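A quick write-up on the structure given underneath.
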Amino acid sequence: MGKIALVGTFDTKGKELTYVQKVLERLGNQVLTINVGVFASDFQTAVSPADLAKITGISLTDLRTNYHRGEVNAILGQSLTVLLPQLYQAQKFAGVISLGGSGGTSLVTPALQALPLGVPKVMVSTVASGDTRIYVGTSDIVMFPSIVDVAGLNQISQTIFDNSAAAVSGMVNSHSEVSTAQRPLIGTTMFGVTTPAVDQAQQLFDQKGYTSLVFHATGVGGRTLESLIQQNYFAGVLDLTLTELADELVGGVLSAGPHRLEAAIAQKIPEVVVPGALDMVNFGPRETVTERFQGRQFLQHNPAVTLIRTTVAENRQLGQIVATKLNATQVPLTVLIPSQGFSEISGPGQPFANPQADQAFVTEFKQNIQNELIKIREIDCNINAPEFAQECVVELLKLITEKGN
């Protein structure tokens, strides 16, 4: 029998939440009800809004009378983000489900993000079919589109509630135990134009007893890698694809934010860094690229993705940015630079081949490195050459071994 937390605003969504509670119980689960609605409710729950208010030191009466709705949601959301992981650690539940509109989704999902990776998390929401990055973050929340508003029981809403309850129940009750014989993990970044290098590195790491987790450098991929590094998932990091930094600088659509390439430094994790795919900035369909970039070198990667070649000036800036970030390292770190192209499409004879732009990065990067712990090697091949992947793996395993010693 599974233990499932049911979180929501029972003051406004009590009828819908109670319906889900009955479905979960009918499926054989114990349900821990958590009310995050500030106003009076006819529904009794195991955790009340007064319990959440205590965490902040603000009384429920004070919340109801002296704070507007947005402030109340922020305060209760912060309290839930503290309490929910505590309840999970106390084994009060093994999975969680919530229902809500935009307000309820914004209130609950930060707490769901605070739960460990792998804990079943289902959010039935009116905003599940739009841009969900703010709600999901780098977590594994499953967003269920509510189709109709979470406002009443009808043949559509009940079908969605039935399916979502069955989903979280299935996740909890069929949760398999992960083998205790886990291999150490390597975090690796890739893009379509650096895939051959990553594939080769994966095989080599596997032969040495390591498992590679590969993150697609699409913005959320880089943010997820950084998040998992902070949670100490990895024995080492092969950051082979830095295109998200180019998007952050130039204004592309796949930026991972300003803190990309910082977590491994902060956590003192062995790391090899490669300027993979810094030769491009990513945009959507060709017609979405603004006039600002007219006259630049374009490549239609596919109907939904347009690539723009980074310029000499941009590569100088990228060299400064990468050097500044890496200069903060307190442990040995290796940078490997492929001298015949940073991606599949910038090697000799390829559409983005521009040795002058690549060299601008290399020169500026080297001039700005001020930390003797950083080892820099240029290798005379394209990033996707087998020998380059071999060098990456050898260097990272050496750093891991040195840290262990």
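What follows draws every value from the coordinates through simple rules; no lab data is involved. In this text, all values refer to a predicted model and were calculated from it rather than measured experimentally. Because the Cβ atoms are built from the backbone with ideal geometry, glycine has one as well, and the counts that use them run over all protein chains shown.
Taking (1) touching a strand residue (DSSP E or B) at 6+ places or on another chain (Cβ under 6 Å); (2) more than 21 Å from residue 396 (Cα to Cα); (3) surrounded by fewer than 21 Cβ atoms within 10 Å (Cβ to Cβ) in turn, residue 303 satisfies each apart from (1).
State all residues of the stretch 56-82 that are of a type in the set (A, V, I, L, M) and not in a helix (DSSP H, G or I); if no residue qualifies, say none. Matches in the stretch 56-82: 58 only.
All of 265, 229 fail the test of being under 13 Å from the mean Cα position of the chain (by Cα), surrounded by 17 or more Cβ atoms within 10 Å (Cβ to Cβ) and over 28 Å from residue 306 (Cβ atoms), apart from 229.
Against the conditions (1) of a type outside the set (D, E, K, R); (2) in contact with a helix residue (DSSP H, G or I) (Cβ under 8 Å, 6 or more places away or on another chain); (3) in a helix (DSSP H, G or I); (4) surrounded by fewer than 22 Cβ atoms within 10 Å (Cβ to Cβ), residue 222 satisfies every one except (4). If you filter the stretch 83-122 down to residues that are among the polar types (S, T, N, Q) and not in a loop (DSSP other than H, G, I, E, B), you find that the one that is farthest from residue 32 (Cα to Cα) is 102.
Each row is one residue, and each column tells you yes or no for (1) closer than 19 Å to residue 201 by Cα; (2) in a helix (DSSP H, G or I).
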| position | (1), (2) |
| --- | --- |
| 329 | no, no |
| 350 | no, no |
| 366 | no, yes |
| 378 | yes, no |
| 389 | yes, yes |
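Is at least one residue of the stretch 123-145 closer than 30 Å to residue 240 by Cβ, of a type in the set (Val, Ile, Thr), assigned to a loop (DSSP other than H, G, I, E, B) and touching a residue at least 24 places away in the same chain (Cβ under 8 Å)? Looking through the stretch 123-145, at least one residue is closer than 30 Å to residue 240 by Cβ, of a type in the set (Val, Ile, Thr), assigned to a loop (DSSP other than H, G, I, E, B) and touching a residue at least 24 places away in the same chain (Cβ under 8 Å). Across the stretch 348-361, the qualifying residues are those that are buried (at least 19 other Cβ atoms within 10 Å of the Cβ) and not polar (S, T, N, Q), and the one among them that is nearest to residue 196 (Cα to Cα) is 352.
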